[in-house]
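What follows is one structure encoded as structure tokens, with my remarks underneath.
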Amino acid sequence: MSDTRELYQLVILDHNRSPRNFRAMDGADRVAEGYNPMCGDQLKVWVRFDGDRIADVSFHGSGCAISKASASLMTTAVVGKTREEAKALFEGFHRMLTTEGDTGAGLPSKLAVFAGVREFPMRVKCATLSWHALKSTLENPAS
Amino acid sequence: MTGAAAVASAFDVARIRREFPVLRTRVQGRPLAYLDNGATSQKPLAVVEAEGDFALLESANVHRGVHTLSFRATERFDQVRHDVASFLGAASPSEIVFTSGTTAAINQVAQGFARPMLTAGDEILVTEMEHHSNLVPWQMVARAAGARLRAIPVTERGELDLGALDRVLTARTRIVAVAHVSNVLGTLNPVRQLAEAAHAVGATVVVDGAQAVPHLPVDVRALGADFYAASAHKMYGPTGVGFLYGRADLLERMVPTQGGGGMIQRVTLEECTFAPVPQRFEAGTPPIAQVVGLGAAIRWMQSLDGDAVVAHESDLVTYAAGQLASVRGVRLIGAPVHRVGVVSFVMDPVHPHDIGTVLDAHGVAVRAGHHCAQPLMDRFRVPATVRASFAVYNTRAEVDALVAGLADVQRIFG
């Protein structure tokens, strides 16, 4: 039985209510959009680099508590990271949500709160929406 | 007790529910309250058995065998065409085309009827509350023909703004495409009135009946519908099959959009002549077992007391709207005077998906999202809504389960 309390952890509820780095960014090096046509969730992610490091990252848009909190926590987790470090976080986060038994060991604890999402397969896309947008800002050459 | 409630209590819902095994299952440890009938209804035993019996005992292709099974299959198949014709009040079974569903039916009309007749500057009139399936095909055809797409606006009550009709319905209007019942708001649209206005300017009326046929007796001729499309799976029937009614003279003018077996009279290497209407619109092997299931669904619906069904569903939707409106933080979207089968709401600032997930944990199945009606979401300035949609087997207790689930939403997000 999937308990919604496992899904809606306090940290998630907090970041939904008061999302961090929830703003458009002037002077961003990259911006990418995450859009889920199935549900209409739409988030933009802005990134400013300092060399190879993420100097600033922000997001804005509309979405459910899971997508919004996930984007918020993502920004706090990846700021200051190199591209490779941020990609590794993406991979670890994605694995945790899609692999049975993966509890997110090795991920920052604030990202591990999303482990419960795995029990709600239809919500996995919500949790990864902003991460996929971030990933595209890391992979494509800066414009 | 109100009149409607009195009828509803006399209506034997428990007996009907026994014909739907899924309604006895538990979801997340709770009794299932299936309130997502606008997406697809559950199927009664009679439908699944008819489909299954055909597949197990009578499978054969139609219109193309001399053997006994093929003959029987053809008879069964053709009988359902009669059943659909009488279900819709069509003048003749040859006015019924089997399709894969409402979407395919509307696309056939858009590409096969409208596209060849439209010229640059012609207009297609839709409404702001259309499902994407009665909007996107018209956008596609308008783009291809250089035609202009216009829309009847929707009022805050969630009704068509007929005051704007004079402005949007013009001498250039060739097609008027409208939902009989809105899949988001439940609004019963004044199709007859629109059809009169449309016919006065020489336009053809295409009605999306997907959300109407499960709930209302439909008479396409009384409505003035030139084309009328619906899906079996929203009216207790199988997925993968639907039907298009088209007035005989209009079907004669429509061209097939798919060629192949079954739709021809004679073929040479260079050319072919088409089969008569309606076979010319049914290329390839049709979903035969599903058509048989559709026939069983129609018979099943006709076995119910139609007036009692309407009264029961009207009681449910009125009760639901009243109960939901009394929940703190809930805002109903639209308040149409004539509402059929559907209630949509939001509960700011909680996102509908989160509401849907919490309700699911209560065993309550609703749809959360834009319901394939993004322009209507824009109109009401919401990204999405929660939609509860009803069928004949639903009960007030299931509405209560929905309301109880919303209390939990408040507790989690409040």
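For the reader, a short list of remarks on this structure follows.
- Residue-level check: of (1) in contact with a Leu (Cβ under 6 Å, 6 or more places away or on another chain); (2) not in a helix (DSSP H, G or I), B:ALA368 misses just (1).
- Meets criteria (of a type in the set (A, V, I, L, M), within 13 Å of another protein chain (Cβ to nearest Cβ) and either touching a strand residue (DSSP E or B) at 6+ places or on another chain (Cβ under 7 Å) or buried (at least 23 other Cβ atoms within 10 Å of the Cβ) (or both)) for B:ALA373: yes
- Scan of segment A:86-102 for residues that are over 11 Å from the mean Cα position of the chain (by Cα) and under 21 Å from A:MET122 (Cβ atoms), ordered by number: A:ARG95, A:MET96, A:LEU97, A:THR98, A:THR99, A:GLU100, A:GLY101, A:ASP102
- Pick from segment B:103-129, criterion of a type in the set (D, E, K, R) and over 21 Å from the mean Cα position of the chain (by Cα), ranking: surrounded by the most Cβ atoms within 10 Å (Cβ to Cβ): B:GLU123
- Here B:GLU271 meets the list (1) within 29 Å of B:VAL97 (Cα to Cα); (2) within 14 Å of chain A (Cβ to nearest Cβ); (3) acidic (Asp, Glu) almost entirely, failing just condition (2).
- If you filter segment A:99-127 down to residues that are free of Cβ contacts under 8 Å to residues at least 60 places away in the same chain and among the aliphatic types (A, V, I, L, M), you find that the one that is surrounded by the fewest Cβ atoms within 10 Å (Cβ to Cβ) is A:ALA105.
- Out of B:THR257, B:THR239, sole residue that is closer than 22 Å to B:ALA114 by Cα and at pLDDT 95 or above: B:THR257
- Taking the criterion of being surrounded by fewer than 24 Cβ atoms within 10 Å (Cβ to Cβ), within 13 Å of chain A (Cβ to nearest Cβ) and hydrophobic (A, V, I, L, M, F, W, C), the only residue of segment B:381-399 that qualifies is B:VAL382.
- No other residue among B:VAL343, B:VAL358 is away from chain A (no Cβ under 13 Å) and not in a loop (DSSP other than H, G, I, E, B) apart from B:VAL343.
- Residue within segment B:375-392 that is touching a helix residue (DSSP H, G or I) at 6+ places or on another chain (Cβ under 8 Å), assigned to a helix (DSSP H, G or I) and at pLDDT 95 or above present: no
- Residues of segment A:26-58 that turn out to be hydroxyl-bearing (Ser, Thr, Tyr) and over 21 Å from A:THR82 (Cα atoms), as a count: 1
- Among the residues of segment B:393-414, the ones that are in a helix (DSSP H, G or I) and more than 25 Å from the chain's Cα centre (by Cα) come to 14 in all.
- Strands (runs of 3 or more DSSP E) wholly inside segment B:230-290 that include at least 3 residues being over 30 Å from B:VAL309 (Cα atoms): B:264-267, B:272-274
- Search result, residues across segment A:13-46 that are surrounded by 21 or more Cβ atoms within 10 Å (Cβ to Cβ), more than 10 Å from chain B (Cβ to nearest Cβ) and part of a helix (DSSP H, G or I): A:HIS15
- Condition check for B:SER86 on (1) under 15 Å from B:GLY295 (Cβ atoms); (2) surrounded by 14 or more Cβ atoms within 10 Å (Cβ to Cβ): one failure, at (2).
- In segment B:130-154, the residues that are in a loop (DSSP other than H, G, I, E, B), within 22 Å of the chain's Cα centre (by Cα) and not hydrophobic (A, V, I, L, M, F, W, C): B:GLU130, B:HIS131, B:PRO153
- Residue count for segment B:346-355, restricted to those that are in contact with a Ser or Thr (Cβ under 9 Å, 6 or more places away or on another chain), more than 7 Å from every other protein chain (Cβ to nearest Cβ) and over 24 Å from B:VAL181 (Cα atoms): 0
- Scanning segment A:47-98 for residues that are surrounded by fewer than 16 Cβ atoms within 10 Å (Cβ to Cβ), hydroxyl-bearing (Ser, Thr, Tyr), farther than 16 Å from A:VAL113 by Cα and more than 14 Å from chain B (Cβ to nearest Cβ) yields one hit, A:THR82.
The values are calculated or read from the model by the stated rules, or taken from the named source; none is laboratory data. Being a predicted model, the structure only gives us computed values, none of them experimental. Cβ: placed from backbone, ideal geometry, glycine included. Neighbour counts: every protein chain shown.
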